[in-house]
Amino acid sequence: MGITIVQVDAFTSKPFEGNPAAVCVLPEAAPERWMRAVAREMNLSETAFLHPENHAWRLRWFTPAVEVDLCGHATLAGAHVLWEDRHLPRDRPARFATRSGWLGAESRGDWIEMDFPAEIPQPVEPPDGLLDALGVRGVVARNRMDYLVEVQDEATVRRLDPDCAKLKRIATRGVIVTARAARPHDFVSRFFAPGAGVDEDPVTGSAHCALGPWRAAKLGRPELTGFQASARGGVVRVTVRNDRVLLAGQAVTVLRGELTGPAAGSYAG
(Lines give C-alpha, C1' and ligand atoms only; values in the text may rest on other atoms or scores of the structure.)
Protein backbone atom coordinates (compact mmCIF):
# COMPACT_ATOMS: atom_id res chain seq x y z
CA MET A 1 0.00 0.00 0.00
CA GLY A 2 1.33 3.43 -0.93
CA ILE A 3 1.81 6.44 1.33
CA THR A 4 0.05 9.66 0.37
CA ILE A 5 2.18 12.76 0.00
CA VAL A 6 0.66 16.18 -0.66
CA GLN A 7 2.40 19.31 -1.92
CA VAL A 8 0.95 22.59 -0.67
CA ASP A 9 1.86 26.17 -1.52
CA ALA A 10 1.78 28.03 1.80
CA PHE A 11 1.31 31.74 2.57
CA THR A 12 -0.55 32.25 -0.70
CA SER A 13 -3.99 31.64 -2.19
CA LYS A 14 -2.58 31.11 -5.70
CA PRO A 15 -0.84 28.00 -7.04
CA PHE A 16 2.88 28.33 -7.76
CA GLU A 17 3.36 31.25 -5.39
CA GLY A 18 4.22 31.29 -1.67
CA ASN A 19 6.37 28.50 -0.25
CA PRO A 20 5.88 24.87 -1.31
CA ALA A 21 5.98 22.15 1.35
CA ALA A 22 5.39 18.43 1.14
CA VAL A 23 3.20 16.81 3.80
CA CYS A 24 3.04 13.14 4.86
CA VAL A 25 0.31 12.21 7.36
CA LEU A 26 1.29 8.81 8.78
CA PRO A 27 -0.46 6.35 11.11
CA GLU A 28 2.54 6.22 13.45
CA ALA A 29 6.13 7.38 13.80
CA ALA A 30 8.43 6.71 10.86
CA PRO A 31 12.16 5.95 10.95
CA GLU A 32 14.21 9.12 10.82
CA ARG A 33 16.40 7.76 8.03
CA TRP A 34 13.29 7.26 5.87
CA MET A 35 12.00 10.77 6.57
CA ARG A 36 15.35 12.27 5.63
CA ALA A 37 15.36 10.25 2.40
CA VAL A 38 11.84 11.41 1.49
CA ALA A 39 12.79 15.05 2.19
CA ARG A 40 15.83 14.71 -0.09
CA GLU A 41 13.62 13.16 -2.77
CA MET A 42 11.04 15.96 -2.57
CA ASN A 43 13.85 18.55 -2.63
CA LEU A 44 11.67 21.33 -1.21
CA SER A 45 12.71 23.73 1.53
CA GLU A 46 10.74 21.55 4.00
CA THR A 47 8.84 18.29 4.15
CA ALA A 48 6.51 17.81 7.13
CA PHE A 49 5.75 14.45 8.74
CA LEU A 50 2.78 14.08 11.09
CA HIS A 51 1.32 11.20 13.08
CA PRO A 52 -1.26 11.02 15.91
CA GLU A 53 0.15 11.20 19.43
CA ASN A 54 -1.76 11.61 22.71
CA HIS A 55 -4.84 13.32 21.19
CA ALA A 56 -2.59 15.65 19.18
CA TRP A 57 -0.13 15.38 16.28
CA ARG A 58 3.60 14.84 16.43
CA LEU A 59 5.16 17.10 13.79
CA ARG A 60 8.71 17.05 12.41
CA TRP A 61 10.23 19.10 9.60
CA PHE A 62 13.14 18.22 7.32
CA THR A 63 14.96 20.21 4.65
CA PRO A 64 16.83 18.17 2.03
CA ALA A 65 19.86 18.44 4.35
CA VAL A 66 18.79 18.70 8.02
CA GLU A 67 15.95 18.45 10.53
CA VAL A 68 14.88 21.91 11.74
CA ASP A 69 13.58 23.07 15.12
CA LEU A 70 10.79 25.32 13.85
CA CYS A 71 9.05 25.80 10.51
CA GLY A 72 6.02 27.97 9.81
CA HIS A 73 5.10 27.26 6.21
CA ALA A 74 5.24 23.46 6.56
CA THR A 75 3.12 23.70 9.74
CA LEU A 76 0.60 25.78 7.79
CA ALA A 77 0.69 23.18 5.01
CA GLY A 78 0.28 20.35 7.54
CA ALA A 79 -2.78 21.95 9.15
CA HIS A 80 -4.25 22.58 5.70
CA VAL A 81 -3.88 18.88 4.79
CA LEU A 82 -5.31 17.66 8.12
CA TRP A 83 -8.52 19.59 7.46
CA GLU A 84 -8.68 19.13 3.68
CA ASP A 85 -8.19 15.35 3.88
CA ARG A 86 -10.54 15.06 6.88
CA HIS A 87 -8.00 13.76 9.35
CA LEU A 88 -9.45 16.47 11.58
CA PRO A 89 -12.81 18.32 11.49
CA ARG A 90 -12.35 21.88 10.25
CA ASP A 91 -14.01 23.30 13.37
CA ARG A 92 -11.40 21.63 15.61
CA PRO A 93 -8.01 23.27 16.17
CA ALA A 94 -4.86 21.33 15.35
CA ARG A 95 -2.33 20.82 18.14
CA PHE A 96 1.25 19.89 17.32
CA ALA A 97 3.99 18.49 19.54
CA THR A 98 7.32 19.66 18.09
CA ARG A 99 10.97 20.30 18.92
CA SER A 100 9.91 23.87 19.76
CA GLY A 101 7.13 22.84 22.15
CA TRP A 102 3.39 22.99 21.54
CA LEU A 103 2.12 24.78 18.45
CA GLY A 104 -1.47 25.35 17.43
CA ALA A 105 -3.46 26.13 14.29
CA GLU A 106 -7.07 27.16 13.73
CA SER A 107 -9.10 27.60 10.56
CA ARG A 108 -10.24 31.22 10.10
CA GLY A 109 -12.30 31.19 6.90
CA ASP A 110 -9.83 31.32 4.01
CA TRP A 111 -6.93 31.82 6.43
CA ILE A 112 -5.14 29.58 8.91
CA GLU A 113 -3.89 31.15 12.14
CA MET A 114 -0.97 29.49 13.94
CA ASP A 115 0.18 29.96 17.53
CA PHE A 116 4.00 30.04 17.69
CA PRO A 117 6.62 31.06 20.25
CA ALA A 118 8.06 34.56 19.95
CA GLU A 119 11.75 34.31 19.00
CA ILE A 120 12.81 37.82 19.96
CA PRO A 121 16.13 38.95 18.44
CA GLN A 122 18.62 40.98 20.47
CA PRO A 123 21.12 43.43 18.94
CA VAL A 124 24.60 41.96 18.49
CA GLU A 125 27.84 42.79 16.75
CA PRO A 126 27.78 41.29 13.25
CA PRO A 127 29.89 38.14 12.91
CA ASP A 128 32.85 38.30 10.57
CA GLY A 129 31.77 38.04 6.97
CA LEU A 130 28.01 38.46 7.42
CA LEU A 131 27.49 41.96 6.01
CA ASP A 132 30.15 41.35 3.37
CA ALA A 133 28.30 38.22 2.20
CA LEU A 134 25.05 40.18 2.00
CA GLY A 135 26.65 43.23 0.38
CA VAL A 136 24.78 45.65 2.67
CA ARG A 137 25.12 47.75 5.79
CA GLY A 138 22.63 47.42 8.59
CA VAL A 139 21.75 46.83 12.24
CA VAL A 140 22.29 43.19 13.27
CA ALA A 141 20.38 41.18 15.88
CA ARG A 142 20.13 37.49 16.73
CA ASN A 143 17.79 34.97 18.34
CA ARG A 144 18.43 31.28 19.05
CA MET A 145 18.05 30.34 15.39
CA ASP A 146 18.88 33.21 13.05
CA TYR A 147 20.58 36.53 12.46
CA LEU A 148 18.34 39.47 11.57
CA VAL A 149 19.72 42.38 9.54
CA GLU A 150 17.72 45.63 9.36
CA VAL A 151 18.64 47.59 6.24
CA GLN A 152 17.81 51.10 5.09
CA ASP A 153 14.85 50.54 2.79
CA GLU A 154 12.61 48.11 0.94
CA ALA A 155 14.53 48.49 -2.32
CA THR A 156 17.69 47.23 -0.63
CA VAL A 157 15.89 44.08 0.49
CA ARG A 158 14.40 43.43 -2.93
CA ARG A 159 17.66 43.80 -4.87
CA LEU A 160 19.79 41.65 -2.55
CA ASP A 161 22.03 39.14 -4.31
CA PRO A 162 24.04 37.58 -1.47
CA ASP A 163 27.08 35.37 -1.79
CA CYS A 164 25.56 32.13 -0.46
CA ALA A 165 28.93 30.36 -0.35
CA LYS A 166 30.10 33.00 2.14
CA LEU A 167 26.78 32.95 4.04
CA LYS A 168 27.14 29.19 4.48
CA ARG A 169 30.20 29.80 6.66
CA ILE A 170 28.17 31.81 9.20
CA ALA A 171 27.26 29.69 12.23
CA THR A 172 23.48 30.06 12.13
CA ARG A 173 20.36 28.39 10.76
CA GLY A 174 19.64 31.37 8.52
CA VAL A 175 19.78 35.12 7.92
CA ILE A 176 16.71 37.39 7.82
CA VAL A 177 17.07 40.69 5.97
CA THR A 178 14.28 43.20 6.56
CA ALA A 179 13.18 46.82 6.17
CA ARG A 180 10.06 48.87 6.67
CA ALA A 181 7.75 48.60 3.64
CA ALA A 182 5.32 50.74 1.71
CA ARG A 183 1.62 50.05 2.16
CA PRO A 184 -0.26 47.72 2.24
CA HIS A 185 2.54 45.91 4.12
CA ASP A 186 4.31 47.02 7.29
CA PHE A 187 7.61 45.33 6.53
CA VAL A 188 9.37 43.35 3.86
CA SER A 189 11.89 40.55 4.32
CA ARG A 190 13.93 37.81 2.68
CA PHE A 191 15.45 34.71 4.26
CA PHE A 192 18.65 32.87 3.34
CA ALA A 193 19.70 29.52 4.83
CA PRO A 194 22.44 27.93 2.71
CA GLY A 195 23.83 26.14 5.77
CA ALA A 196 20.52 24.28 6.05
CA GLY A 197 20.47 23.39 2.37
CA VAL A 198 18.16 26.24 1.29
CA ASP A 199 19.89 29.18 -0.40
CA GLU A 200 16.73 31.32 -0.27
CA ASP A 201 13.47 30.26 1.36
CA PRO A 202 10.43 31.68 -0.49
CA VAL A 203 8.29 32.50 2.60
CA THR A 204 9.49 31.71 6.11
CA GLY A 205 6.86 31.59 8.84
CA SER A 206 9.36 30.98 11.65
CA ALA A 207 11.34 34.09 10.63
CA HIS A 208 8.21 36.10 11.46
CA CYS A 209 8.50 34.90 15.06
CA ALA A 210 11.45 37.32 15.12
CA LEU A 211 10.18 39.88 12.62
CA GLY A 212 6.87 40.36 14.47
CA PRO A 213 8.32 41.39 17.84
CA TRP A 214 11.12 43.35 16.13
CA ARG A 215 8.78 45.44 14.00
CA ALA A 216 6.03 45.73 16.65
CA ALA A 217 8.51 47.36 19.03
CA LYS A 218 9.46 49.90 16.36
CA LEU A 219 5.91 50.68 15.23
CA GLY A 220 4.27 50.53 18.66
CA ARG A 221 1.44 48.17 17.67
CA PRO A 222 1.04 44.38 17.82
CA GLU A 223 -0.82 43.64 14.56
CA LEU A 224 1.29 43.73 11.40
CA THR A 225 1.43 42.45 7.84
CA GLY A 226 4.67 41.26 6.31
CA PHE A 227 5.59 40.48 2.73
CA GLN A 228 8.48 38.13 1.98
CA ALA A 229 9.91 39.41 -1.28
CA SER A 230 11.34 36.26 -2.81
CA ALA A 231 10.72 35.42 -6.46
CA ARG A 232 7.55 33.56 -5.43
CA GLY A 233 6.50 35.97 -2.67
CA GLY A 234 4.02 35.56 0.16
CA VAL A 235 2.02 37.42 2.81
CA VAL A 236 2.13 36.71 6.56
CA ARG A 237 -0.19 38.40 9.04
CA VAL A 238 1.44 38.73 12.47
CA THR A 239 -0.04 39.43 15.90
CA VAL A 240 2.37 39.71 18.84
CA ARG A 241 1.01 38.55 22.23
CA ASN A 242 3.64 38.63 24.96
CA ASP A 243 5.81 35.53 24.44
CA ARG A 244 3.67 34.18 21.59
CA VAL A 245 3.20 35.20 17.98
CA LEU A 246 0.09 34.45 15.92
CA LEU A 247 0.98 33.86 12.27
CA ALA A 248 -1.80 33.77 9.69
CA GLY A 249 -1.58 32.70 6.08
CA GLN A 250 -3.42 30.99 3.26
CA ALA A 251 -2.61 27.70 1.56
CA VAL A 252 -3.50 25.82 -1.62
CA THR A 253 -2.90 22.19 -2.60
CA VAL A 254 -1.06 21.85 -5.93
CA LEU A 255 -0.03 18.19 -6.07
CA ARG A 256 -1.19 14.89 -4.59
CA GLY A 257 0.75 11.68 -5.05
CA GLU A 258 1.75 8.36 -3.57
CA LEU A 259 5.05 6.90 -2.47
CA THR A 260 5.01 3.35 -3.82
CA GLY A 261 7.09 0.22 -4.06
CA PRO A 262 10.48 0.36 -2.34
CA ALA A 263 9.89 3.98 -1.30
CA ALA A 264 6.82 3.01 0.73
CA GLY A 265 8.18 -0.38 1.74
CA SER A 266 11.20 1.13 3.46
CA TYR A 267 8.80 2.75 5.97
CA ALA A 268 8.27 0.38 8.88
CA GLY A 269 4.93 1.96 9.95
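The values are calculated or read from the model by the stated rules, or taken from the named source; none is laboratory data. Predicted model only: the values in this text are computed from it and were never measured. No Cβ is skipped: glycine too gets one built from the backbone with ideal geometry, and neighbour counts run over all protein chains shown. Just so you know, the surface numbers come from the protein's heavy atoms only, side chains and all, with ligands and any DNA or RNA stripped out. Shrake-Rupley method; radii C 1.70, N 1.55, O 1.52, S 1.80 Å.
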Report summary line: Expressed in nanometres to one decimal, the distance between label points 7 Å along Cα→Cβ at Ala182 and Arg90 is 3.7 nm
Query raised in the report: For the chain, taking Cα atoms only, what is the radius of gyration to one decimal and the Dmax to the nearest whole Å?
Result: 17.9, 55
Report task. Return the carbon/sulfur percentage of the accessible area of the stretch 44-122, one whole number, probe 1.4 Å, all protein chains in place. Result -> 44 percent
Query raised in the report: Between the stretch 80-95 and the stretch 161-183, how many Å separate their Cα centres?
Result: 34 Å
Requested in this report: Indicate, rounded to the nearest 5 percent, the antiparallel portion of the DSSP beta bridges found entirely in the stretch 145-198.
Outcome: 60 percent
**Report entry** Mean Cβ count within 10 Å, highest first, over the residues of peptides 32-41, 175-184, 101-110
**Finding:** 175-184, 32-41, 101-110
Report summary line: Ordering 228-235, 165-172, 207-214 by per-residue average of other C-beta atoms within 10 angstrom, highest first, gives 207-214, 228-235, 165-172
Requested in this report: Along Cα→Cβ, 7 Å out, is where each label goes; now give me the distance between the ones at Ala165 and Phe16 in nm to one decimal.
Outcome: 3.2 nm
Report task. Quick one: P(r) of the stretch 204-269 from all Cα-Cα pairs, 10 Å bins, percents rounded to integers, in order of increasing distance. Result -> 18, 35, 17, 19, 10, 1
Query raised in the report: If you average the sequence gap of Cα pairs under 8 Å that are 6 or more apart and divide by the length of the chain, what percent do you get for the contact order?
Result: 24 percent
Report task. Report, in debye and to the nearest 20, how large the dipole of the chain comes out about its Cα centre when Lys and Arg carry +1 and Asp and Glu carry -1 on their Cβ. Result -> 260 debye
Query - Part-to-part distance (alpha-carbon centres) for the stretch 1-63 and the stretch 114-139, which is given in Å - result: 28 Å
Query raised in the report: Using modelled backbone amide H atoms (1.01 Å from N, in-plane), which distant-in-sequence or interchain residues come within less than 5 Å of Val254's amide H?
Result: Gln7, Val8, Asp9
Query raised in the report: What does the helix-only formula give at 222 nm for the chain: each DSSP H stretch with n ≥ 4 adding -39500 (n - 2.57), the total divided by the residues, and the result rounded to the nearest 500 deg cm²/dmol?
Result: -5500 deg cm²/dmol
Query raised in the report: Under a point spin-label approximation (7 Å from Cα along Cα-to-Cβ), what is the Ala155-Asp199 distance to one decimal in nm?
Result: 2.6 nm
Query raised in the report: What number, in percent, do you get for the relative contact order of the stretch 75-198 if the mean sequence gap of Cα pairs under 8 Å and at least 6 apart is divided by its residue count?
Result: 16 percent
Query raised in the report: Accessible area per residue, 1.4 Å probe, Å², for the chain: what's the number?
Result: 45 Å²
Query raised in the report: Relative contact order for the stretch 157-235: what is it in percent, counting Cα pairs under 8 Å that are at least 6 residues apart?
Result: 29 percent
